[in-house]
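Worksheet: the structure to be examined is printed underneath.
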Amino acid sequence: IKQAITLSDFMFSEPLGLEMIYGALKEDHEVQIFDMMVETKSLRAKIKEFSPHLVGMTSLCIDVVKVLDLCREAKETDPGIITLAGGTQAYLNPEAFYDESVDHIFEYTTKDNLKDFFASINKGDIHPIDGIRSRALAYKSTGLRGRNEYMLPDRGSTEKYREEYSYFGYKPAAIMEFGTGCQKVCDFCLRWRIEGAEEKLINLDLTKNDLRNIKEPTIMFIDNDFLCSDEKLNTFINLVKDLNLKKNYIMYGSVKGIIEYEKYLKVLHEIGLKALLVGYETFNDDELSKYHKSSSADDNIKAAVILRKYGIDVWASFMAHPDWDKKDFKSLRRYIKKLKPQITTISPLTPFPNLPMYRTLEDRLLYSMEDYEKWSFGQVMIKPSKISLREYYGELLKTNLYVNIFINKNTEMIKKYGLKNIYRVLKGSIKAVKKYKALMNE
């Protein structure tokens, strides 16, 4: 995808949603996952080899054009193939897939709508199904909103790809979710809008089975904020001990959670917690307030000190505001130096469509909602107000170089993860730098 600067430059995760669908369908259907992030074979060649009746694709916003191209390729290869589109983009903006090459759009997926859908396909009876829009029905929705059901993923479905899946310096690494939802409801975040603002633990028996099935030495938990309740943390700690798991764990943790639940960090580190991904976001309290973050710039410093105390690595993320000038970028660099994270990523503030922030900044957007490939977390989407776009990209480039050369603990990381893994992460950083240079010259 042209000029997209995304976290895939630094991490590469298994297709968890597809593994769940595989697990739900495998008893009654012959299913294969074709991971085109790894495969060198074309979709056309795969279709000729496997002769599927249906081809389904998952998507993010930046994938829309590619997904439509692949659906057309599938139809050209075999006009009888039924094509499906799903994923985050289908949930947030199903209209993006209103195209003659897409037969059905899964806004969300559950065991019930999968069962109903495949029964209808077998009978040749296309009828309205909750969560699914069908081209034969003019993509009309039943009107019932829902959410993706967390089903037991079949990790064996991606066996031949699993050595490729990684998270920063950890390879191979699996991903899973322990609980859904997030009460933080930050203004820029999509996750709580997809999963809801109520935090719920996933069924414990399902979680136990999933943990037992994971062979990788590292698990990245994709919960929006793992440090959110005594119940969740006690349940996780007891489960790891009961199952006698010896793994590395990586989690997302809020600044508020780090401070409020500090009492759990020592034991979490002892049972395998290696790193927390922390959204510090900014050095500016006014911006934190506007983002609806429940923490301050001083809280960020306090959280950083706490994590150093327990030997837990910090993978910090920040958002560059479009109203920053060169002094603000300089302040960010000084602030990052004070926080001393092991790894830092900086992305331009991106007001995704369907978020309140999008409506607030819509008149300053540099690209339309339909410029799907632009909506990565690396491309500047909002016109800077105090410096030119070229200068803004220059400051992003300067800050990323500064972080990678002077702040990121490269020597420390090599000792922990090995030269090969760190080289892969640095390649991602170099790739991002090259993309910023190209964007400066647009």
Under a Cβ-Cβ limit of 4.7 Å, which cysteines in the chain have nobody to pair with? 61, 71, 182, 228
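State the antiparallel share, in %, of DSSP beta bridges confined to region 169-282, rounding to the nearest 5. Walk me through the numbers before you get to the answer.
Working: 2 of 13 bridges.
Beta bridges within region 169-282, antiparallel portion: roughly 15 percent.
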Restrict the search to region 31-69; then list the trypsin sites (Lys or Arg not before Pro) that DSSP places in a loop and that have at most 16 other Cβ atoms within 10 Å of their Cβ. 41
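Just want to confirm a number: the relative contact order over the chain, from Cα pairs under 8 angstrom separated by 6+ residues, in percent.
Details: 735 pairs, mean separation 68.5, N = 442.
Answer for the chain is 15 percent.
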Binning every alpha carbon pair distance of region 89-177 at 5 Å from zero, what are the percents per bin? 3, 12, 19, 17, 14, 13, 11, 7, 3, 1
I'm a student and want to see the number: the projected area of the Cα convex hull of region 14-137, averaged over all directions, in nm². 7.2
For residue 98 and residue 125, compute 0.36 nm times the residue count separating them, minus their Cα-Cα distance, and round to one decimal in nm. 7.7 nm
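Relative contact order, percent, of region 14-137 when contacts are C-alpha pairs under 8 Å separated by at least 6 residues? Mind dumping the intermediate values first?
Details: 148 pairs, mean separation 22.9, N = 124.
Rounded, it is 18 percent for region 14-137.
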Once you place label points 7 Å from the Cα toward the Cβ at residue 66 and residue 242, how far apart are they in nm? 4.0
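Most exposed first by the Cβ proxy, i.e. fewest other Cβ within 10 Å, how do 357, 381, 37 rank? Could the numbers behind the result be given before it?
Working: 357 18, 381 21, 37 12.
Exposure proxy ranking, most exposed first: 37, 357, 381.
Round to the nearest 0.05 the FRET efficiency obtained for residue 364 and residue 76 when R0 = 41 Å and r is the Cβ-Cβ distance. Could the numbers behind the result be given before it?
Values: r = 40 Å, r/R0 = 0.98.
Here the calculated transfer efficiency is 0.55.
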Compute the distance from the alpha-carbon center of region 227-293 to that of region 124-179, in whole Å. 26
Roughly what % of DSSP beta bridges within the chain run antiparallel, to the nearest 5? 25
Counting DSSP beta bridges with both partners in region 14-137, what percentage is antiparallel, nearest 5? 35
Relative to the present Cα-Cα distance, how much length would full extension add between residue 50 and residue 36 at 0.36 nm per residue of separation? 3.5 nm
Per residue, what volume in Å³ does the convex hull of the Cα atoms of region 165-440 enclose? 130
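Kindly put 157, 42 in sequence by how many other C-beta atoms sit within 10 Å of each C-beta, fewest to most.
42, 157
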Neighbour-count order for 102, 305, 55, 240, fewest beta carbons within 10 angstrom listed first: 305, 240, 55, 102
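Which FRET efficiency value, to the nearest 0.05, is calculated for residue 140 and residue 337 with the Förster distance at 60 angstrom and r the Cβ-Cβ distance?
On the way: r = 55 Å, r/R0 = 0.91.
Calculated transfer efficiency: 0.65.
FYI, it's all coordinate maths here, none of it is from the lab. As the structure is a prediction and not an experimental result, all values here were calculated from the model. Reconstructed Cβ throughout: ideal geometry from the backbone, glycine too, with neighbour counts over all protein chains shown.
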